[in-house]
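The values are calculated or read from the model by the stated rules, or taken from the named source; none is laboratory data. All figures in this text were calculated on a predicted structure; none of them were measured in a lab. Every residue, glycine as well, gets a Cβ built from its backbone with ideal geometry; the counts of neighbours run over all protein chains shown. Side chains included, ligands, DNA and RNA excluded: accessible areas come from the protein's heavy atoms. Shrake-Rupley method; radii C 1.70, N 1.55, O 1.52, S 1.80 Å.
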Amino acid sequence: METAVLAAMFREFIDARCVVFADESKRPFECDGLSVYKQLPGLVVMPSTTEQVRKVMRLCCRHKVPVVVRGAGTGLSGGALPHPDGVLLSLARLSKIVEIDPDAGLARVQPGVSNLAISEACAPYGLFYAPDPSSQIACSIGGNVAENAGGVHCLKYGLTVHNVVQLTIVTVEGEIITVGCDGLASAGPDLMALMIGSEGMLGVVTEVTVKLLPQPSHCQVILASFDELESAGDAVSAVIAQGIIPAGFEMMDSYAIRAAEDYVGAGYDTDAAALLLCELDGTEEEVRHCAEQVTAVFQRYCARSIRVSQNEAERLLFWKGRKSAFPAVGRISPDYYCMDGTIPRRMLSRVLSEISRLSGEYGLRVANVFHAGDGNLHPLILFDESQPGELQKAEEFGAEILRICVNAGGCITGEHGVGVEKLAQMLDQFSNEELAQLNAIKDALDPDALLNPGKGVPTLKRCQEYRST
Amino acid sequence: MTAIADLLDQVRNAVAAQRPLCIKGGNSKQYLGREQQGEPVDVSGYSGVVDYQPSELVITVRAGTTLSDMQQVLAQENQVLAGEPPEFDGKATVGGTLACNLSGPSRPWHGSIRDQVLGVRIINGKAEHLRFGGQVMKNVAGYDVSRLQAGAMGTLGILTEVTLKVIPKPESTVSVRRTIGANDSLRVMNEICRRPLPVTGACWYAGDMYIRLSGPVSVIGAAAEQLEGRVLPDDDGFWSRLREMELPFFADAKDLRCISLRSTRDHFSEDADWLIDWRGARRWLAAGGNRDSLDKHVRDAGGELSQVRGAEHGADVFPQRSAVYRQMLLRLKQALDPDGVFNPGRLYSWL
Ligand SMILES: Cc1cc2nc3c(=O)[nH]c(=O)nc-3n(C[C@H](O)[C@H](O)[C@H](O)COP(=O)(O)OP(=O)(O)OC[C@H]3O[C@@H](n4cnc5c(N)ncnc54)[C@H](O)[C@@H]3O)c2cc1C
């Protein structure tokens, strides 16, 4: 269907300024956080009510127009990459916090609300929303649901799927369905879990009810540096094997440490090969109890230095380096490519040394800064897009890293999603029968393949192409 | 031991003959859902630990493994499956527990078994043995077929293997009991749960409210002092009897209903016989009241009512669903079990 005709139809029920047709106005939507992929959409539509979303979906369904949903566009796998002939459905204007029920520990919010805004809104009640992706200032809760986002605190408090109790979904046909229940248990198959992490391919999330937790009364970070990546990796496993579940457990390697230190001056040990940040929270007793044990483990693994945050300002300073690590790495290289494989924790040191060996082979530097407690790696491959062939080399290197993760018993993506980026790697993780089953689920809920077509799960045809090359 | 090949054969034959199959684990959850029909497929013989890595806090077991056996293996490493699903005299299997998505009193804090699942293997309706999810804490490759199985009661495939994350066993627990009315207990439980205390149980039963705390001795001792009521160092197995549905409340209830509701919703039908768990988010009702008007009340409050015992023969026991919801479920059923051989009618008369 002619985009101009479609635009006219949308303008009948959506403010004309929120139906964007001109190329220069569509430019900001041409990519998400994975900016090596760019594409202008046919049309950008920005509804501000669920009812408008329904009408958009009805029209698109009737006229078989592809729809790509967009939250804040911080995704790192091209999930929100537009379709050239389709509608880019931006939910940024659905940004109301509908309800906070502090006694029940629940908040009902629209999908465009930013992750951090939820915790900020419930802070006055002494509550917080646990999953905290590093992009939390910007990313939307709808995008978090679509990617099953994790964060620094997911080791103890779980991922998005563990912290959401109910979703309102607009189906591809423009119907409304509620899944889950704010009484925690909902009878029947867990349709809500199916929706979470489905990358905008099974439905449009228009309302989310999240769990809120009491802010712990005490919180301390232990910052430890090591001479070798391996001993830091082993120390991570050892702490958890001891029966301690830290609130967060992050690791940085020497590139990341130096980049972060140059950028924000967090007081990191820049001569170290690895740095661990271990956050403990709970009652005062609990934190003291665990801090002693963690310190002992770090000593046993020959830490160069161990510092325990003495006050809130120092705790935040320790975190500041970690939280700004991505932009900090961005300063030491023209471009970087962020991978997201997950492995069993005990494989950390083995996989890290494999990556560092490959880094030499490919002649590309790698900075590692990641969720060590979850075994969720984020190797940042540094490259220069302006050098011919470097991007391709970086992508090949990345693919190799993911293969190593799968072989180590892990998976190709822990929290960033498959998007357009990891379609080929899906074949490393799944058999043809398994992929066919996933495609059957997609067909069941989106028979005309209108929602985010060509992403997430490779089609059978593409599988054959990939496997034969 | 049952072999996968046997289970696959049975599914293949059933599909060829268009004959329904009735999936059985430990046979401990007949009380849930609707009557099972069809030729039995016995998964209980497909049991045993496939892999256990205590330092990873991850265990993989075959679906027929009993929960009690698995908990015993975990206990040797001082670990436990969180969420306390009922073991039903050692009969409950891991597969059955996931299929019914069960949990115990700690659900608001630890979730149900669905929250512990990392991956599964299933046999689908094409007699294919498939693997979804994995053995790591985070995995977003492909749709979440593992958790979709939670609550499906076998209608979307036969679970053959389950990978679960586990937690260190809490050092100790202590309970505090206080005499209080049901209505007030709701308010007090929610107020307590807003505080950063290591609460792992909040229940009201027969005129008393019970709060359980778990953690290191020093921690829970200090926390218990902040609560009003009598400290019960030994709670007489109250929580395990609650979990196993062995309190007299359950034994006596001929017409048993289970309501899932936001914890802050007002108490209602005050004259009826109630047991309130999950800090108010789960309310058990023994007998009393017209089901339709009760159902409407619960629905209007955003909750769900299920009939656990005393349903009319052949009636649906789980909450009614909208046309859109039914269509979605039917299409998913078609995607996973195209010939409709797995547990027809077990969950809903129309599925
Ligand atoms: C610097 C940086 C750090 C990051 N750190 C983390 C981290 O620690 N943990 C983590 O998990 N991620 C992280 N991310 C990735 C990203 O922020 C998350 O994936 C986030 O959840 C995406 O949210 P968004 O609103 O930006 O979604 P978008 O990028 O707009 O969309 C992501 C996907 O979700 C779909 N989608 C969005 N909204 C909806 C909706 N309402 N309904 C249906 N589908 C929808 C889109 O179609 C797309 O497929 C990071 C990204 C950056 C740039």
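Residues of the range A:341-362 being farther than 13 Å from residue B:136 by Cα and either touching a Lys or Arg at 6+ places or on another chain (Cβ under 8 Å) or among the charged types (D, E, K, R) (or both), which ones? Please lay out each step first, then the result.
The first filter runs over the range A:341-362 and keeps only residues farther than 13 Å from residue B:136 by Cα, leaving A:349-362.
Scanning the range A:341-362 gives A:350, A:354, A:357, A:359, A:361, A:362.
Could you tell me which numbered condition residue A:142 fails, if it satisfies all but one of (1) out of contact with any helix residue (DSSP H, G or I) (no Cβ under 8 Å at 6 or more places or on another chain); (2) at the interface with chain B (Cβ under 10 Å from one of its Cβ atoms)?
Exception for residue A:142: condition (2).
So for the range A:20-40 (the condition being without any contact (Cβ under 8 Å) to a residue 24 or more places away in the chain, away from the ligand (no atom under 16 Å from the Cβ) and buried (at least 17 other Cβ atoms within 10 Å of the Cβ)), does at least one residue qualify?
For the range A:20-40, residues without any contact (Cβ under 8 Å) to a residue 24 or more places away in the chain, away from the ligand (no atom under 16 Å from the Cβ) and buried (at least 17 other Cβ atoms within 10 Å of the Cβ): present.
Hey, can you tell me all the residues within the range A:82-102 that are away from the ligand (no atom under 11 Å from the Cβ), surrounded by 16 or more Cβ atoms within 10 Å (Cβ to Cβ) and part of a strand (DSSP E or B)?
A:87, A:97, A:100, A:101
Out of the residues in the range A:60-81 meeting the condition of being part of a loop (DSSP other than H, G, I, E, B) and more than 10 Å from the ligand (Cβ to nearest atom), tell me which one is farthest from residue A:420 (Cα to Cα).
The residue in question is A:63.
Looking at (1) free of Cβ contacts under 8 Å to residues at least 60 places away in the same chain; (2) within 11 Å of another protein chain (Cβ to nearest Cβ), find the lone condition where residue B:252 falls short.
(2)
Go through (1) assigned to a loop (DSSP other than H, G, I, E, B); (2) farther than 24 Å from residue B:155 by Cα and name the single condition residue B:108 misses.
The one condition residue B:108 does not meet is (1).
Restricting the search to the range B:237-268, which residues are open to solvent by 60 Å² or more (accessible area, probe 1.4 Å) and more than 23 Å from the chain's Cα centre (by Cα)?
The answer is B:266, and nothing else.
Can you tell me which residue within the range A:403-425, out of those that are more than 9 Å from chain B (Cβ to nearest Cβ) and either without any contact (Cβ under 8 Å) to a residue 12 or more places away in the chain or within 14 Å of the ligand (Cβ to nearest atom) (or both), is nearest to residue A:135 (Cα to Cα)?
Among them, the one singled out is A:419.
Going through A:177, A:169 one at a time, which residue ends up being away from the ligand (no atom under 12 Å from the Cβ), closer than 29 Å to residue A:1 by Cβ and within 10 Å of chain B (Cβ to nearest Cβ)?
Working: A:169 fails: away from the ligand (no atom under 12 Å from the Cβ).
Result: A:177 is the single residue among A:177, A:169 that is away from the ligand (no atom under 12 Å from the Cβ), closer than 29 Å to residue A:1 by Cβ and within 10 Å of chain B (Cβ to nearest Cβ).
Inside the range B:255-266, can you point out the residues that are assigned to a loop (DSSP other than H, G, I, E, B) and more than 14 Å from every other protein chain (Cβ to nearest Cβ)?
B:255
Yes/no matrix, rows are residues, columns are (1) within 11 Å of the chain's Cα centre (by Cα); (2) near the ligand (Cβ under 7 Å from one of its atoms); (3) open to solvent by less than 10 Å² (accessible area, probe 1.4 Å):
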{"residue": "A:110", "(1), (2), (3)": "no, no, no"}
{"residue": "A:118", "(1), (2), (3)": "no, no, yes"}
{"residue": "A:128", "(1), (2), (3)": "no, no, no"}
{"residue": "A:131", "(1), (2), (3)": "yes, no, yes"}
{"residue": "A:138", "(1), (2), (3)": "no, yes, no"}
{"residue": "A:144", "(1), (2), (3)": "yes, yes, yes"}
{"residue": "A:150", "(1), (2), (3)": "yes, yes, yes"}
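For the condition part of a loop (DSSP other than H, G, I, E, B) and either under 30 Å from residue A:439 (Cβ atoms) or open to solvent by less than 30 Å² (accessible area, probe 1.4 Å) (or both), what is the one hit in A:225, A:237, A:198? I'd like the intermediate steps shown before the answer.
Working: A:225 fails: part of a loop (DSSP other than H, G, I, E, B); A:237 fails: part of a loop (DSSP other than H, G, I, E, B).
Every option except A:198 fails the conditions.
Could you go through the range A:352-372 and let me know if any residue there is within 14 Å of another protein chain (Cβ to nearest Cβ), among the polar types (S, T, N, Q), away from the ligand (no atom under 16 Å from the Cβ) and in contact (Cβ under 8 Å) with a residue 24 or more places away in the chain. Steps first, answer last, please.
Of the range A:352-372, the ones within 14 Å of another protein chain (Cβ to nearest Cβ) are A:370-372.
With among the polar types (S, T, N, Q) added as a condition, the list becomes none.
No, every residue in the range A:352-372 fails to be within 14 Å of another protein chain (Cβ to nearest Cβ), among the polar types (S, T, N, Q), away from the ligand (no atom under 16 Å from the Cβ) and in contact (Cβ under 8 Å) with a residue 24 or more places away in the chain.
Which of the residues belonging to the range A:405-425 are hydrophobic (A, V, I, L, M, F, W, C), in a helix (DSSP H, G or I) and farther than 16 Å from residue A:338 by Cβ?
The initial filter retains those residues of the range A:405-425 that are hydrophobic (A, V, I, L, M, F, W, C), namely A:405-406, A:408, A:411-412, A:418, A:420, A:423-424.
The next check asks that each one be in a helix (DSSP H, G or I); those that pass are A:405-406.
Within the range A:405-425, A:406 is the sole residue that qualifies.
Which one of these does residue A:342 not meet: (1) crowded, with 23+ Cβ neighbours inside 10 Å; (2) free of Cβ contacts under 8 Å to residues at least 60 places away in the same chain?
In the conditions (1) crowded, with 23+ Cβ neighbours inside 10 Å; (2) free of Cβ contacts under 8 Å to residues at least 60 places away in the same chain, residue A:342 misses (2) alone.
For the range A:426-452, give me each residue that is in a loop (DSSP other than H, G, I, E, B) and more than 8 Å from chain B (Cβ to nearest Cβ).
Going residue by residue through the range A:426-452, those that are in a loop (DSSP other than H, G, I, E, B) are A:430-431, A:446-450, A:452.
Residues satisfying the conditions are A:446, A:447, A:448, A:449, A:450, A:452.
Going by the structure shown, is residue B:89 among the charged types (D, E, K, R) and either touching a helix residue (DSSP H, G or I) at 6+ places or on another chain (Cβ under 6 Å) or at the interface with chain A (Cβ under 7 Å from one of its Cβ atoms) (or both)? Before you say what the answer is, go through the steps one by one.
Working: among the charged types (D, E, K, R): yes; either touching a helix residue (DSSP H, G or I) at 6+ places or on another chain (Cβ under 6 Å) or at the interface with chain A (Cβ under 7 Å from one of its Cβ atoms) (or both): no.
Considered against the rule, which asks whether it is among the charged types (D, E, K, R) and either touching a helix residue (DSSP H, G or I) at 6+ places or on another chain (Cβ under 6 Å) or at the interface with chain A (Cβ under 7 Å from one of its Cβ atoms) (or both), residue B:89 comes out as no.
Could you count how many residues in the range B:200-240 are within 16 Å of residue B:283 (Cα to Cα) and either assigned to a helix (DSSP H, G or I) or in the same structural domain as residue B:105 (by TED's automatic domain parsing) (or both)?
Qualifying residue count for the region: 1.
Of the residues that make up the range A:158-171, is at least one open to solvent by less than 20 Å² (accessible area, probe 1.4 Å), closer than 23 Å to residue A:448 by Cβ and out of contact with any strand residue (DSSP E or B) (no Cβ under 9 Å at 6 or more places or on another chain)? Working first, answer last.
Taking the range A:158-171 and keeping what is open to solvent by less than 20 Å² (accessible area, probe 1.4 Å), we get A:158-161, A:163-165, A:167, A:169-171.
Checking which are closer than 23 Å to residue A:448 by Cβ leaves us with A:167, A:169-171.
This time we only want the ones that are out of contact with any strand residue (DSSP E or B) (no Cβ under 9 Å at 6 or more places or on another chain), so: none.
No; the residues of the range A:158-171 include none that is open to solvent by less than 20 Å² (accessible area, probe 1.4 Å), closer than 23 Å to residue A:448 by Cβ and out of contact with any strand residue (DSSP E or B) (no Cβ under 9 Å at 6 or more places or on another chain).
Hey, residue B:168 hits all of (1) over 15 Å from the mean Cα position of the chain (by Cα); (2) closer than 30 Å to residue B:218 by Cβ; (3) more than 7 Å from chain A (Cβ to nearest Cβ) but one; which does it fall short on?
With (1) over 15 Å from the mean Cα position of the chain (by Cα); (2) closer than 30 Å to residue B:218 by Cβ; (3) more than 7 Å from chain A (Cβ to nearest Cβ) applied to residue B:168, the lone miss is (3).
For the range B:32-65, give me each residue that is within 30 Å of residue B:339 (Cα to Cα), open to solvent by 30 Å² or more (accessible area, probe 1.4 Å) and away from chain A (no Cβ under 14 Å).
Within the range B:32-65, B:35, B:36, B:37, B:38, B:39, B:40, B:42, B:44, B:47, B:62 qualify.
Which condition does residue A:376 not pass, out of (1) at the interface with chain B (Cβ under 10 Å from one of its Cβ atoms); (2) touching a helix residue (DSSP H, G or I) at 6+ places or on another chain (Cβ under 8 Å); (3) surrounded by 24 or more Cβ atoms within 10 Å (Cβ to Cβ), if it passes all the others?
If we test residue A:376 against (1) at the interface with chain B (Cβ under 10 Å from one of its Cβ atoms); (2) touching a helix residue (DSSP H, G or I) at 6+ places or on another chain (Cβ under 8 Å); (3) surrounded by 24 or more Cβ atoms within 10 Å (Cβ to Cβ), just (2) comes out false.
Report, ordered by the first and then the second residue, all pairs with beta carbons closer than 6 Å, sequence separation of six or more or different chains, a first member in the range A:135-153 that is outside the structural domain of residue A:119 (by TED's automatic domain parsing), and a second member that is buried (at least 24 other Cβ atoms within 10 Å of the Cβ) and part of a helix (DSSP H, G or I).
From the range A:135-153, no pairs qualify.
Residue A:264: among the β-branched types (Val, Ile, Thr), more than 26 Å from the chain's Cα centre (by Cα) and either open to solvent by less than 10 Å² (accessible area, probe 1.4 Å) or at pLDDT below 95 (or both), yes or no?
Details: among the β-branched types (Val, Ile, Thr): yes; more than 26 Å from the chain's Cα centre (by Cα): no; either open to solvent by less than 10 Å² (accessible area, probe 1.4 Å) or at pLDDT below 95 (or both): yes.
Against the criterion (among the β-branched types (Val, Ile, Thr), more than 26 Å from the chain's Cα centre (by Cα) and either open to solvent by less than 10 Å² (accessible area, probe 1.4 Å) or at pLDDT below 95 (or both)), residue A:264 does not qualify.
Would it be correct to say that residue A:35 is modelled with pLDDT of 95 or more and of a type outside the set (Asp, Glu)?
Working: modelled with pLDDT of 95 or more: no; of a type outside the set (Asp, Glu): yes.
So residue A:35 fails the test.
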